[in-house]
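The structure under discussion is supplied below as structure tokens; questions concerning it will follow.
The values are calculated or read from the model by the stated rules, or taken from the named source; none is laboratory data. None of the values given here were measured: they were computed from a predicted structure. For neighbour counting, all protein chains shown are included, and Cβ atoms are generated from backbone atoms with ideal geometry for every residue, glycine included.
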Amino acid sequence: MDYKVEWSPKAVSDLAERVSFLAKASKEAARELSDSVISMGESLSSFPERFQEFPMPSSFPVTIRKCVINHRYIILYGVKGESVIIYRVLDARRNLGGLLS
């Protein structure tokens with residue numbers, strides 16, 4: 001079964017901010033980051049459960065999973081029905097506590 005991948009407005013904003021910041025130093029690196037994140041996000045349409053769960057408060061409506069890209073960026077996403085919802089695209093060096101609450 002293939003899932004529909006949906007990007008939350010916050011995830012789109014997260015990615016745009018990271019790409020914009022990186023583009024100041026290297027447009028090629030920014031393009032590679034964008035391509036890598038989008039490609040990985042879209043690949044979640046097949047077997048999204050392959051990545052580990054990310055601890056969330058029990059009140060959060062779906063199980064969140066964490067996908068790490070190049071040891072520097074994280075996609076936080078959940079599966080809801082037949083959709084994969086990408087909630088955030090974050091720098092892995094950032095403190096991730098409370099980002100989805």
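In the stretch 38-46, is there at least one residue being among the charged types (D, E, K, R) and at pLDDT 95 or above?
Scanning the stretch 38-46, I find at least one residue that is among the charged types (D, E, K, R) and at pLDDT 95 or above, so the answer is yes.
Regarding the stretch 26-36, can at least one residue be identified that is at pLDDT 95 or above and in a loop (DSSP other than H, G, I, E, B)?
Yes, the stretch 26-36 has at least one match.
Looking at the stretch 1-44 only, could you name the residues that are small (G, A, S) and either surrounded by fewer than 11 Cβ atoms within 10 Å (Cβ to Cβ) or over 15 Å from Y87 (Cα atoms) (or both)?
Selection gives S20, A23, A25, S26, A29, A30, S34, S36, S39, S43.
Tell me which residues, restricted to the stretch 52-81, are modelled with pLDDT of 85 or more and either of a type in the set (D, E) or surrounded by fewer than 17 Cβ atoms within 10 Å (Cβ to Cβ) (or both).
Q52, E53, V62, T63, V68, I69, N70, H71, R72, V79, K80, G81, listed by residue number.
When you go through S20, S46 one by one, which is the residue that is small (G, A, S), part of a helix (DSSP H, G or I) and out of contact with any strand residue (DSSP E or B) (no Cβ under 8 Å at 6 or more places or on another chain)?
Answer to the check: S20.
State all residues of the stretch 82-95 that are surrounded by 14 or more Cβ atoms within 10 Å (Cβ to Cβ) and among the basic types (K, R); if no residue qualifies, say none.
If the condition is that a residue be surrounded by 14 or more Cβ atoms within 10 Å (Cβ to Cβ) and among the basic types (K, R), then R88 is the only one that fits.
If you don't mind, another one. From the list V79, V68, exactly one residue is in a strand (DSSP E or B) and without any contact (Cβ under 8 Å) to a residue 40 or more places away in the chain. Which is it?
None of the others qualify; the one that does is V68.
OK, next. Do you know which residues across the stretch 86-101 are over 9 Å from the mean Cα position of the chain (by Cα) and either assigned to a strand (DSSP E or B) or at pLDDT 90 or above (or both)?
Selection gives D91 alone.
Restricting attention to the stretch 54-77, which residues are touching an Asp or Glu at 6+ places or on another chain (Cβ under 8 Å) and over 16 Å from L90 (Cα atoms)?
Correct list: T63 only.
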